[in-house]
Amino acid sequence: MNFRDLGLAAPILKALTQEGYTDPTPIQRKAIPPALAGRDVLGCAQTGTGKTCAFATPILQRLSGRTPKPRAIRALILTPTRELAIQIQDSFVAYGRNLPLRSAVIFGGVGQQPQVNAINKGLDILVATPGRLLDLHGQGLVDLSRIEIFVLDEADRMLDMGFIHDVKRVLKLLPEKKQTLFFSATMPPEVMGLVNGLLHDYARVAVDPVSSPVEVIRQSLYYVDKSNKTKLLAYLMEERKISSALVFSRTKHGANRIAQDLVKRGISAAAIHGNKSQTARVQALNDFKAGRVRVLAATDIAARGIDIEQLPFVFNYNLPDVPETYVHRIGRTGRAGHEGEAISFCQFDEKDELKAIEKLLGKPIPVVAGHPYPMENFDPPQKDKRGRVVNAEDAEARAAAKEKRRQKDESNKARAEEGKKAAAQAKAPVQTAPAEETDAPKKKKRRSKKAGAQEAPVEAAAPVLKDEPPPRDKPIGRGVRQGRIQDTLPDAPAVPATDFYKPNPLDSDVIMDATARLLAPRRPASRPPAQVQPQSQRKSEPQKKQEKAPKQSQQKLRRQGKKQGAPARPAKEPVLPPSLSGKKKRRRDDRPRPIEAPLRSDRQKDSTQHKSLMRPYYLHDDD
C-alpha cells in the first residue's frame, strides 16, 4: 500500500514525494482513511512512528476544498512543548506547499507581537501551546469559534506537565460540533477519562503495545558511580567516535554541568531545558542538528517532539523516575526505521528505577562490564526524615539553586546599599567656604525703603542644612520662610517685608491693609466713556422741573379718580408665556446694572477712602 491508495490528493502526494516519503507507516495506514472520512480518531503509538503526517495530511486535504473569505482558523493543533509545536508547523508547511492554505505557530517564551501579526493576516491552521493560546484568547486576539478540526497531540505528556486543566479550558472555547483527533503514546486512566468525554464514535488506532520500545533500538547498561559518569561519557564519545548524541539529565542543573564538563574535555556541547530562553533553546537545537555541537544535554522537556533525523545515540545520564519516560527518551533515536542505540548509566541508588523500567520492558537491559570506570560505591542511599530515598542529583540541584538565590540576594542587597549611598550624597549640601566660629549673634541690616540708602555689610553666617530648624537663641523673623508653623507665632516683633521675607498675615499693618481691601467699594472692570453734551443741548434746572410737573399731576389725578369710584380700567390682554409670544425671557442675570458706583457722601473720609492708602490697590488715574 502506498499513499495514493489512502485517498490523498495529488498536491499532497507531490509534496510527500518531494519530502522522500515512499510507503506509509502503520499508524499512517490506519489513521488517515477514517480522518479523511471526518470521524474522530484515537491514535495510540509510540514516538517516531509518523503521527504528525497521520493527522496533518487529512487536515490539509479537508480544508483545501474551500477557503472562506475572510480567512478563519478552522484547524487547531494543541501540543505540550514549544519544540514540538515548531516541528508540527514545519510539517504543515512541507506537506501543504502546493495548497493555498496558511498556517502559523504560537508559543510562550517569546514576544507575542509577531505571532499576533501572523494571526491578523488570516490563518487556516493554528499550532499552539496551551499557555500562549489562552493568553491571546483572553486578550481577544484569537477567535476559536469556527474551529472544524481539533488535534490533541501527546495527551499523556500534557498530563505529566500539568497542562490537563489548560486543555479543559481550551475545550470549553471550541464549538461543540467538530472533528477530534487524539494522539498519545501511553493511555493512563486520566487520559482515558478525557477521551471518553471528548471523542464520539471514534476509530481506535493502535500499532504497538502501549509503551513498548522500538525493536530496532539497541540498549545497553553501564554501572558507574555518580562522580565518574561524565568521565565515562567522554570516554565512550571518543572511543566509539560518536558524531552526535542526545544526553538526558534528571535536572536542569545537571544538564548545565554535563555540557560544561564536556566542553572542558574538548567535546562541543550545549544544554537545553526549561530555564533557557526560547531563543537559546532554538539556537542550541539548530546547532545540534547542523553538526556544530556534538552533544546536546537536555532534560525531559526534550524527551518528546524533537525530531532529529538519523540520531545515532541517546544517553540516559540519569535514569528517570517514571518508566514510561525511559521509552520516550530512547524513542528520539531509531526514528523512521533507522537504527539507533540507547546507553544508560546506573549508580547504586538508582537500582529501584532500573527495576521499574525492566518490568515495563518485560526483559532486562544488557549490562556492559569491563569499562574503565566500574561501580565502587555501594553505600545505601540517604533517606529524609520521612524515610524516603533522597536522590543525589536532586539534592545537588537544590543546593545549587539555594546558592544561586543567595548570591542573587547579596547582589540585590549590594545594589540597594549603593543606591542609598548615592541618594545620601545627592542630598548632602555643598559647602563652598568654611564657616567662622563665633558666639555673637548674627544680625542682618534692614534694607532702607528710601531711595539711595546704602546697606551695611552683613556678617558671614554658618551654613544651615535645609532640614534643620535655626537655633532658637537667634532672633526669628516672623515671615513665612520654610513653611514652618513656628515662624508664624506672634511672640516676637515683626520684620519688615524684604526680598527674603514674606509679610506676616498676623501683623497689625497687614491686617489693616487687608481690611481696607475688603471694605473698599468695587469698581467695574471697564467703564464706558462719559458722554458730554454740548452746552446748547444742556437743560437748566427750571426746564427740568417744568418737565416733571405734568407727570406728577397725572399721577395725582389718577389717585383721586380711584378714591371717587372712577370706572375701572379696561382689562389687560392675557400675557402669553415667552415660548408662545416669541419674546425672549429675561433671566435674572440679564437685568441692567448701574454704570457707575453710587456717589459717596461729603462726610469726613475714613482710612478706607484715603487716597494714599488706596494707591497700592487701585491703579486708576482719577484716584
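The values are calculated or read from the model by the stated rules, or taken from the named source; none is laboratory data. Remember, it's a predicted structure, so these values are computed and weren't measured experimentally. All Cβ positions, even for glycine, are placed from backbone atoms using ideal geometry, and neighbour counts span all protein chains on display. Areas reflect the complete protein model, heavy atoms only, side chains present, ligands, DNA and RNA absent. Shrake-Rupley method; radii C 1.70, N 1.55, O 1.52, S 1.80 Å.
In the stretch 368-382, the residues that are of a type in the set (Phe, Trp, Tyr) form Cβ pairs under 7 Å with partners that are open to solvent by 70 Å² or more (accessible area, probe 1.4 Å), at six or more places apart or across chains, as follows: TYR373/LYS231.
Annotation: of all residues in the stretch 255-285 being assigned to a loop (DSSP other than H, G, I, E, B) and modelled with pLDDT of 90 or more, the one that is surrounded by the most Cβ atoms within 10 Å (Cβ to Cβ) is ILE267.
Every test in (1) assigned to a helix (DSSP H, G or I); (2) touching a residue at least 24 places away in the same chain (Cβ under 8 Å) is passed by LEU221 save one, and that test is (1). Only one of the listed residues (THR180, THR186) is open to solvent by 10 Å² or more (accessible area, probe 1.4 Å) and among the hydroxyl-bearing types (Ser, Thr, Tyr). That residue is THR186. Of all the numbered requirements in (1) in a strand (DSSP E or B); (2) in contact (Cβ under 8 Å) with a residue 60 or more places away in the chain, THR186 misses one, and that requirement is (1).
Here VAL322 clears all of (1) of a type outside the set (Gly, Ala, Ser); (2) modelled with pLDDT of 85 or more; (3) closer than 28 Å to PRO26 by Cβ; (4) open to solvent by 70 Å² or more (accessible area, probe 1.4 Å) except the condition numbered (2). Within the stretch 104-125, the set of residues being closer than 20 Å to VAL282 by Cα and not in a helix (DSSP H, G or I) comprises ALA104, VAL105, ILE106, PHE107, GLY108, GLY109, VAL110, GLY111, GLN112.
Selection of first residues in the stretch 9-30 that are free of Cβ contacts under 8 Å to residues at least 24 places away in the same chain and within 13 Å of SER91 (Cβ to Cβ) and of second residues that are part of a loop (DSSP other than H, G, I, E, B) and open to solvent by less than 20 Å² (accessible area, probe 1.4 Å), restricted to Cβ pairs under 6 Å at least 6 apart or on distinct chains, gives an empty result.
When ALA35 is tested against the conditions (1) surrounded by fewer than 19 Cβ atoms within 10 Å (Cβ to Cβ); (2) of a type in the set (A, V, I, L, M, F, W, C); (3) under 21 Å from PRO100 (Cα atoms), the lone failure is (1). Checking each residue in the stretch 230-250 for being surrounded by fewer than 20 Cβ atoms within 10 Å (Cβ to Cβ) and assigned to a loop (DSSP other than H, G, I, E, B) picks out ARG240, LYS241, ILE242, SER243, SER244.
Criterion first (over 16 Å from PHE183 (Cα atoms) and among the β-branched types (Val, Ile, Thr)) does THR79 satisfy it? Answer is no for this residue. Annotation note: Cβ proximity below 8 Å between a residue of the stretch 122-134 that is closer than 14 Å to LEU174 by Cα and in contact (Cβ under 8 Å) with a residue 24 or more places away in the chain and a residue that is of a type in the set (Asp, Glu) and part of a helix (DSSP H, G or I) (sequence gap 6+ or interchain) occurs for PRO130/ASP166; LEU134/ASP166. One residue stands out in the stretch 133-178 among those that are in a loop (DSSP other than H, G, I, E, B), among the acidic types (Asp, Glu) and in contact with a Gly (Cβ under 9 Å, 6 or more places away or on another chain): the one that is modelled with the highest pLDDT, namely ASP153.
Tally time: how many residues in the stretch 88-113 are within 18 Å of ARG71 (Cβ to Cβ) and free of Cβ contacts under 8 Å to residues at least 40 places away in the same chain? Result for the stretch 88-113: 9. Looking across the stretch 1-46, not a single residue is within 45 Å of the chain's Cα centre (by Cα), more than 30 Å from PRO323 (Cα to Cα), among the polar types (S, T, N, Q) and modelled with pLDDT under 90. The residue list THR67, THR49 contains one member that is within 30 Å of ARG281 (Cα to Cα), open to solvent by less than 60 Å² (accessible area, probe 1.4 Å) and of a type in the set (S, T, N, Q), which is THR49. Do we have any residue at all in the stretch 214-228 that's surrounded by fewer than 19 Cβ atoms within 10 Å (Cβ to Cβ), over 30 Å from ALA155 (Cβ atoms) and in contact with a helix residue (DSSP H, G or I) (Cβ under 7 Å, 6 or more places away or on another chain)? Looking through the stretch 214-228, at least one residue is surrounded by fewer than 19 Cβ atoms within 10 Å (Cβ to Cβ), over 30 Å from ALA155 (Cβ atoms) and in contact with a helix residue (DSSP H, G or I) (Cβ under 7 Å, 6 or more places away or on another chain).
Total residues in the stretch 88-103 satisfying the condition of being part of a helix (DSSP H, G or I) and either over 32 Å from the mean Cα position of the chain (by Cα) or not polar (S, T, N, Q) (or both): the figure is 6.
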